[in-house]
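**Q** Quick one: this structure, given as structure tokens, is what I'll be asking you about.
Since every read-out is calculated from the coordinates, none of them should be taken as a lab result. Note that the structure is predicted; figures quoted are calculated from it, not measured. Neighbour counts are summed over all protein chains in view; Cβ atoms, including those assigned to glycine, are modelled from backbone coordinates with ideal geometry.
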Amino acid sequence: MVTGQESGGSYTTMELFIPPGKGPNLHQHTAEDEQFYVLSGELTFQVGAQTFSVAAGDFIHIPRQTLHRFENGQQPARLLATFSPAGPEHSFMAAGTWLSAQDADPWLSSSVT
């Protein structure tokens with residue numbers, strides 16, 4: 001949605017589509033704060049020593065150098081993810097599957113409840 005190049009390196013924001021049962025392993029970002037806004041779905045987050053459930057409309061802030069992970073529930077989930085400063089988007093670009101608006105339509109219709 002906004003690349004680091006477009007923001008002068010201050011942040012990047014992207015929309016993430018998370019398949020059921022999926023999510024990243026426990027990790028931390030040494031130089032970036034991370035925020036998630038849940039657009040749809042239900043996920044379990046671990047941030048530091050806390051584990052909690054989130055759903056559409058919830059916002060999560062993860063300070064840099066904080067161990068964290070999340071796992072999606074039984075339905076596809078959509079998240080807005082922001083990193084500040086920009087940088088981690090490069091690993092998402094390398095690891096993820098990029099969808100056009102037409103490719104994303106099945107996700108959008110199946111995640112709306």
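**Q** If you scan the stretch 14-56, which residues turn out to be of a type in the set (D, E) and in a strand (DSSP E or B)?
**A** Passing the criteria: E15, D33, E34, E42.
**Q** Looking at (1) under 12 Å from the mean Cα position of the chain (by Cα); (2) without any contact (Cβ under 8 Å) to a residue 12 or more places away in the chain, can you tell me which one F36 breaks?
**A** Condition (2) is where F36 drops out.
**Q** Scan G4, G23 and give me the residue that is in contact (Cβ under 8 Å) with a residue 40 or more places away in the chain, in contact with a Pro (Cβ under 8 Å, 6 or more places away or on another chain) and of a type outside the set (D, E).
**A** Unique residue meeting the criteria: G4.
**Q** Answer yes if at least one residue in the stretch 58-65 is aromatic (F, W, Y), touching a residue at least 24 places away in the same chain (Cβ under 8 Å) and surrounded by 18 or more Cβ atoms within 10 Å (Cβ to Cβ), and no otherwise.
**A** Looking through the stretch 58-65, none of the residues is aromatic (F, W, Y), touching a residue at least 24 places away in the same chain (Cβ under 8 Å) and surrounded by 18 or more Cβ atoms within 10 Å (Cβ to Cβ).
**Q** Would you confirm whether any residue within the stretch 62-84 is in contact with a Gly (Cβ under 6 Å, 6 or more places away or on another chain) and within 18 Å of M1 (Cβ to Cβ)?
**A** Scanning the stretch 62-84, I find at least one residue that is in contact with a Gly (Cβ under 6 Å, 6 or more places away or on another chain) and within 18 Å of M1 (Cβ to Cβ), so the answer is yes.
**Q** Filter the stretch 70-88 down to residues that are among the small types (G, A, S) and part of a strand (DSSP E or B), then give me how many there are.
**A** Residues that pass the stated criteria total 3.
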